[in-house]
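Data block below; observations after.
The values are calculated or read from the model by the stated rules, or taken from the named source; none is laboratory data. Please read these numbers as outputs of a predicted model, since none were measured by experiment. Backbone-built Cβ (ideal geometry, glycine too); neighbour counts: all protein chains shown. The protein model used for the area step is the full one, side chains on, heavy atoms only, and it has no ligands, DNA or RNA in it. Shrake-Rupley method; radii C 1.70, N 1.55, O 1.52, S 1.80 Å.
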Amino acid sequence: MLKAAGPDSVLVVPACCTSVIQGIYPNTAMNIPVYNVGFATAAASASGMSAAFRSMGKKTNVIVYAGDGGTLDIGIQALSGAFERGTDFLYICYDNEAYGNTGMQRSGGTPLGAKTTTTPGGKTDFKKDIDAIVAAHEPPYQATACAAYPQDLFKKVQKALTFRGPTFIHVLAPCPPGWRYETGKSVEVGKLAVKSGMWVLYEREYGKLTITGPSKAAIKKPVPLEEYLAPQGRFKGIDRKALETLKQRVDRTLKRFAQEEAGVC
Ligand SMILES: Cc1ncc(C[n+]2csc(CCOP(=O)(O)OP(=O)(O)O)c2C)c(N)n1
Ligand SMILES: [Mg+2]
């Protein structure tokens, strides 16, 4: 993402796993300025920063890099405000589907049936559709991506930064300790999320939806959802009812996307 963004960029990172690896003043592991801010405040901090840069005539990319907890839950009011005000920034949510930094508690991003430390019997609620919430703010550009497809992600970051105004990229980030699979399987698990239709890659430009990359095939013929769930300990022993509900949800989502892209709805 930083390669795509280039050196004239600043990162705004709220409390999350990234806070642990971002580095120490005056040099950061990111090689660009990184602002570590309060958990709920990423989009608000970025708003001020963007306004300051633009008033000085600078085009510096202001990029929020926040987790699912910091985006779907605690940071949602700041996110909504910044999008409503038309803030010129890119908001990237990397979604490992739980509060990773504090030991994998369930978040609004945790999918139905997944075990976390606070849902030991499997989550009983659906994953929150943050992309629909963002879409309701009518940003000029939003996209989804997955860490298992880095070139797709690279292109989307580059593209997002060509727009003026708020842009959003929601990245599925497989997490070995949290999802309970072997580290070497990260790419495979990420690809199965997309191939099974559990995660759909797309772009929405001025409201117009385009399905991208491997999701074009997955939306027509997804691999069985069990292939995605099986390598992950968090879905071990998922009850039949939750599995059926999850499958129906995936089916419905894929149909909805296909119809929207075809202009049927
Ligand atoms: C106001 C506040 N509440 C709780 C915390 C503790 N905390 C720090 S990081 C974190 C989890 C962040 O989860 P997420 O945003 O999904 O990012 P991840 O850790 O998964 O990368 C929590 C609960 C905090 N720093 N501030
Ligand atoms: Mg998380």
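Of note:
- With only the Cα atoms considered, the chain has a convex hull volume of 118 Å³ per residue.
- Taking trypsin sites (Lys or Arg not before Pro) across segment 226-265, the ones in a DSSP loop with at most 14 further Cβ atoms lying within 10 angstrom of their Cβ are K236.
- Spin-label model distance (nm) - D251 vs T210, 7 Å beyond Cα toward Cβ: 3.1
- Long-range amide H partners of G122 with built H, under 5 Å: T116
- Protein accessible area in segment 2-262, 1.4 Å probe - carbon and sulfur %: 56
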